[in-house]
1. Only helices (runs of 4 or more DSSP H) wholly contained in segment 44-154 count here; list those with 1 or more residues that are touching a Leu at 6+ places or on another chain (Cβ under 6 Å), more than 28 Å from Asp9 (Cβ to Cβ) and of a type outside the set (D, E, K, R).
2. Could you list, in sequence order, the residues of segment 101-119 that are modelled with pLDDT under 95 and open to solvent by 60 Å² or more (accessible area, probe 1.4 Å)?
3. Could we say that Asn66 is touching a strand residue (DSSP E or B) at 6+ places or on another chain (Cβ under 6 Å) and exposed (fewer than 14 other Cβ atoms within 10 Å of the Cβ) here?
4. Against the definition (at pLDDT below 95, over 13 Å from the mean Cα position of the chain (by Cα) and loosely packed, with under 15 Cβ neighbours inside 10 Å), how does His88 come out, yes or no?
5. Pick from Ile76, Ile72, Ile48: which is of a type in the set (A, V, I, L, M, F, W, C) and touching a strand residue (DSSP E or B) at 6+ places or on another chain (Cβ under 7 Å)?
6. Report whether or not Ala147 is modelled with pLDDT of 95 or more, more than 13 Å from the chain's Cα centre (by Cα) and among the aliphatic types (A, V, I, L, M).
7. Scanning for something more than 22 Å from Lys89 (Cα to Cα), touching an Asp or Glu at 6+ places or on another chain (Cβ under 7 Å) and open to solvent by 20 Å² or more (accessible area, probe 1.4 Å), does segment 14-32 turn up at least one residue?
8. Scan (1) farther than 16 Å from Ile121 by Cβ; (2) more than 11 Å from the chain's Cα centre (by Cα); (3) small (Gly, Ala, Ser) for the single condition Ser94 breaks and write down its number.
Amino acid sequence: MKWTFYRLDSLPADGSIVWCKYPHREAKGHPGPTARPVLVRKTSILSIDGEKFGTVDVSYGTGEFNERHREIDLVIGDMRRARDLGLHKPTRFSLDSRDRKNLPWCEEFFVAPSYVRGCGIVLGRIGEDEITRLKACLEKRRLTIAANTRTTTG
């Protein structure tokens, strides 16, 4: 499949919440059917045969969660804060490693749904309080937060 890459200077910042056609597990490598919010964990710039392109590590977002998730996933539970971040309802970003994907920064994966297309791909960006909670949840899962690796590999 050929991707329609976005410009490298448009890569979202770590901690951004963006629209993504998150792939289904059974259809690896193919965009999912609908755009949903995901949390940007890390971005990279890769080079293959002299062509540079961006990739984005994202964590899956869902409106389904319970109290247990508040300890191990980043939950934006307050409706006012959810709206501040561009979310239409309280949302849980799964920190389970199976719900983290590295995707090409391209139109096929990252596109806003038609009802908000004029607002852009980036919904918002988490703040220091959410970053602190994110780190605590990752620690409970015995994972680490990845630093931004805007590097080029050959």
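The values are calculated or read from the model by the stated rules, or taken from the named source; none is laboratory data. For clarity, every value in this text was computed on a predicted model and none was experimentally measured. A quick note on method: Cβ atoms are made from the backbone with ideal geometry, for glycine too, and the neighbour counts reach across all protein chains shown. Only protein heavy atoms, including side chains, enter the accessible area calculation; ligands, DNA and RNA are left aside. Shrake-Rupley method; radii C 1.70, N 1.55, O 1.52, S 1.80 Å.
1. On the way: elements: 69-72, 79-84, 128-140.
It comes to 128-140.
2. Ser114, Tyr115, Arg117, Gly118, Cys119
3. Working: touching a strand residue (DSSP E or B) at 6+ places or on another chain (Cβ under 6 Å): no; exposed (fewer than 14 other Cβ atoms within 10 Å of the Cβ): yes.
No; evaluated as a whole, the condition is false for this residue.
4. Values: at pLDDT below 95: yes; over 13 Å from the mean Cα position of the chain (by Cα): yes; loosely packed, with under 15 Cβ neighbours inside 10 Å: yes.
Yes.
5. Numbers: Ile72 fails: touching a strand residue (DSSP E or B) at 6+ places or on another chain (Cβ under 7 Å); Ile48 fails: touching a strand residue (DSSP E or B) at 6+ places or on another chain (Cβ under 7 Å).
Selected residue: Ile76, the only one of Ile76, Ile72, Ile48 that is of a type in the set (A, V, I, L, M, F, W, C) and touching a strand residue (DSSP E or B) at 6+ places or on another chain (Cβ under 7 Å).
6. Working: modelled with pLDDT of 95 or more: no; more than 13 Å from the chain's Cα centre (by Cα): yes; among the aliphatic types (A, V, I, L, M): yes.
In short, no.
7. Yes, segment 14-32 has at least one match.
8. (2)
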